[in-house]
Structure formats: structure tokens, C-alpha cells
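Scroll down for the structure; my scribbles are underneath it.
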């Protein structure tokens, strides 16, 4: 069975490549307000079925993009540098340069918008983006 993310009105629909095993909840000022549980994918792994009326929000478009449905307002997905490649879950750097910017990108989908998701199969990690990044 293909799992599909859908906003409330159905204008945005994204097919997942399989059932996710991991998710994360971040406490940064943006993520805490959305209430999302994010699952991450490399660009090209997600299949965008419909993006009608999609809108973009970003405080720094060169760095990260947050997409939401322009009709019903659901926070659907986003794209950003792959911070997990350089930082631990608690926000501490993995290497010697605490100001490094990742060269690779990742896409995140809001798992709360996926019907028929088996939450018992998902390990949810808490991320400290508020104080660590």
C-alpha cells in the first residue's frame, strides 16, 4: 500500500517511497508552532502528485523553504540543508566547525498528514533546534 500525504482539502498530495521508520519533532520556533512530526528524504525520493495552490514561507529562501497549502493552510513539506550531517540531535556540532553549513539537502514531510500511518512503526526523536541551532 502506498502511503500518501494529503493536506486537509486534498490540493497537496505527496506519495512516500515506503513506510517511514523514523520521525523527528523539533522545538525550534518554527517547528514547535506547526506541531509537525517530520520524516526526511533525499531530493527525488518523494513523488509529488499534486501541488495546486501551494505556498512558500521562508525567513531565508536560500537556506530553507517551508511549503503549505494556500487553501486549507496545512504545513505539508519543506526543504533545507541536511543539518543532521553536521549536528547531533541535541544541536551540538559533530565536527570542529560549529558554523559549518551542510553541502547536501533533504526534504521533510509532515507525518501528521499521512493517512493510514502505523505510528507504532516510527521511532520519533526529539530535536533541540531552539537552543542548539
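Kindly indicate which of 71, 76, 29 is surrounded by 13 or more Cβ atoms within 10 Å (Cβ to Cβ), assigned to a loop (DSSP other than H, G, I, E, B) and either within 10 Å of the chain's Cα centre (by Cα) or touching a residue at least 40 places away in the same chain (Cβ under 8 Å) (or both).
When all the criteria are applied, what remains is 71.
Condition check ((1) out of contact with any strand residue (DSSP E or B) (no Cβ under 6 Å at 6 or more places or on another chain); (2) at pLDDT 95 or above; (3) surrounded by 13 or more Cβ atoms within 10 Å (Cβ to Cβ); (4) in a strand (DSSP E or B)) across all residues:
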{"residue": "1", "(1), (2), (3), (4)": "yes, no, no, no"}
{"residue": "9", "(1), (2), (3), (4)": "yes, yes, yes, no"}
{"residue": "13", "(1), (2), (3), (4)": "no, yes, yes, yes"}
{"residue": "19", "(1), (2), (3), (4)": "yes, yes, yes, no"}
{"residue": "39", "(1), (2), (3), (4)": "no, yes, yes, yes"}
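Just to be sure I understand the filter: pairs with C-beta atoms under 8 Å, separated by 6 or more residues or on different chains, first member in the range 109-133 and on the phi > 0 side of the Ramachandran plot and in a loop (DSSP other than H, G, I, E, B), second member surrounded by 13 or more Cβ atoms within 10 Å (Cβ to Cβ) and modelled with pLDDT of 95 or more. Which pairs pass?
116/3
Which pairs have Cβ atoms under 6 Å, sit 6 or more apart or on different chains, and link a residue in the range 3-26 that is within 23 Å of residue 56 (Cβ to Cβ) to one that is assigned to a strand (DSSP E or B) and at pLDDT below 95?
Between residues of the range 3-26 that are within 23 Å of residue 56 (Cβ to Cβ) and residues that are assigned to a strand (DSSP E or B) and at pLDDT below 95, the close pairs are 24/125; 24/127; 25/126; 26/127.
The values are calculated or read from the model by the stated rules, or taken from the named source; none is laboratory data. Remember, it's a predicted structure, so these values are computed and weren't measured experimentally. Using ideal geometry, Cβ is built from the backbone for each residue, glycine included, and neighbour counts are taken over all protein chains shown.
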